[in-house]
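What follows is a set of notes on a single structure, which appears directly below.
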Amino acid sequence: MAYKDSVRRKPPRHPVESFRVKAWFNAVAVRSGKTAYALELEFARPESIVRFEEGTVQRPSLWDKYARGEVTPGRDRLTLDDQKPNLVDRVEDRYPGSAYWLRHPFWAALQLAMAPMKHSTPLETVSGWMGKLPGEAAAALFADAPPQAGTPFRRRAVDFHCLDRLSDLGTFDGAAALMLLLREAMLFQDAERYERLLQEMHHYDSWFATWPETAPFHRELLNYLDARFGRMLLPDGRVGWKHLRRDWTLHQENWWKMRPLPPE
């Protein structure tokens with residue numbers, strides 16, 4: 001019994017880690033048109049595939065685990081630091097745009113335990129992920145470079161125009177920007193902004209169900225978002241405290257029907 005108690009148990013896999021791997025696998029499958037079996041034959045080390053005379057094949061079945069989000073390809077990490085190229089980069093060379101779905105700032109924002117990077121504060125970490133956002137999402141958060149250098153101010157005001165712009169984007173980048181602003185509101189202890197941002201995320205509920213990369217597990221993803229961020233006690237000037245409850249299922253009847261995807 002003492003021996004069993006001393007055995008170190010493997011910590012449970014973080015749900016967000018599973019989400020991002022599932023999204024990556026779906027991205028690869030959509031772009032390649034191939035099954036987990038075919039993708040494993042394409043990318044596995046030759047020595048790991050055994051072909052028998054009767055025609056059967058023995059393989060590691062890693063790609064089936066990727067499809068279920070059970071294993072992270074190449075032990076790829078959510079980090080602002082550079083990391084050594086791995087399987088994800090090999091697949092990206094063959095199927096461009098797939099790595100985007102594994103390494104996206106949205107997953108970093110969704111992680112509850114967003115550990116700060118070395119020699120940086122949590123706020124700097126959130127800002128760092130904001131800086132990784134491309135295109136229109138970045139333009140909604142950051143102003144263009146000033147005509148003269150020397151100002152530390154680049155962030156736009158988080159006002160109605162900013163939030164409306166992000167909500168209307170209908171892209172994974174837009175969803176990530178809202179989630180990063182949500183994390184920032186938590187750091188600032190800004191309950192009013194937090195509640196407003198959480199409600200803005202409803203604009204993306206139907207998109208998660210539409211994108212082929214997230215559609216297969218959108219219910220699981222939205223339930224996680226609601227459970228981890230939408231069940232809060234917020235201070236209220238009139239009643240002292242109020243219960244915040246975000247529930248994506250209550251808005252499902254108002255979802256737009258199959259909207260056209262934005263251009264890649």
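Kirkwood Rh, region 157-197, all Cα pairs: how many Å? Spell out each step's value before the answer.
Numbers: mean 1/r = 0.0977 Å⁻¹.
Every distinct Cα pair counted, the radius reaches 10.2 Å.
Please work out, to two decimal places, the log10 of the ratio I(q)/I(0) at q = 0.12, 0.17 Å⁻¹ from a Debye calculation in which every Cα of region 162-263 carries one identical scatterer.
-0.41, -0.79
Name the residue, out of Thr72, Thr214, Thr151, whose mean-square fluctuation peaks in a Gaussian network model built on the chain with Cα pairs under 10 Å.
Its mean-square fluctuation being the largest, the pick is Thr151.
With a 1.4 Å probe and every protein chain left in place, work out the accessible area per residue of the chain in Å², rounded to a whole number.
Values: 15670 Å² over 264 residues.
Dividing the accessible area of the chain by its residue count gives 59 Å².
Ordering Phe153, Phe25, Phe160, Phe142 by accessible area with a probe of 1.4 Å, largest first, what comes out?
Working: Phe153 165, Phe25 25, Phe160 140, Phe142 50 Å².
Of Phe153, Phe25, Phe160, Phe142, the descending order of accessible area is Phe153, Phe160, Phe142, Phe25.
Using a 1.4 angstrom probe and counting only protein chains, how large is the accessible area of Asp205 in Å², to 10?
For Asp205, the solvent-accessible surface is approximately 0 Å².
Please arrange Arg103, Arg90 by accessible surface area, largest first, computed with a 1.4 Å probe and ligands excluded.
Values: Arg103 70, Arg90 120 Å².
Of Arg103, Arg90, the descending order of accessible area is Arg90, Arg103.
Taking only C-alpha pairs under 8 Å that are 6+ residues apart, what is the relative contact order of the chain in percent?
Working: 276 pairs, mean separation 42.4, N = 264.
Taking the mean separation of contacting Cα pairs over the length of the chain, I get 16 percent.
Which percent of the accessible area of the chain is formed by carbon and sulfur heavy atoms (probe 1.4 angstrom)? Don't skip to the end; give the middle numbers.
Values: 8370 of 15670 Å².
Result for the chain: 53 percent of the exposed heavy-atom area is carbon or sulfur.
If I ignore ligands, DNA and RNA and count only protein heavy atoms, how much of Trp101 is accessible to a 1.4 Å probe, in Å² to the nearest 10?
Only protein atoms counted, so the area is about 20 Å².
The values are calculated or read from the model by the stated rules, or taken from the named source; none is laboratory data. Keep in mind the model is a prediction, meaning the values are calculated, not measured. Accessible surface is based on the protein model in full, side chains and every heavy atom, while ligands, DNA and RNA are left aside. Shrake-Rupley method; radii C 1.70, N 1.55, O 1.52, S 1.80 Å.
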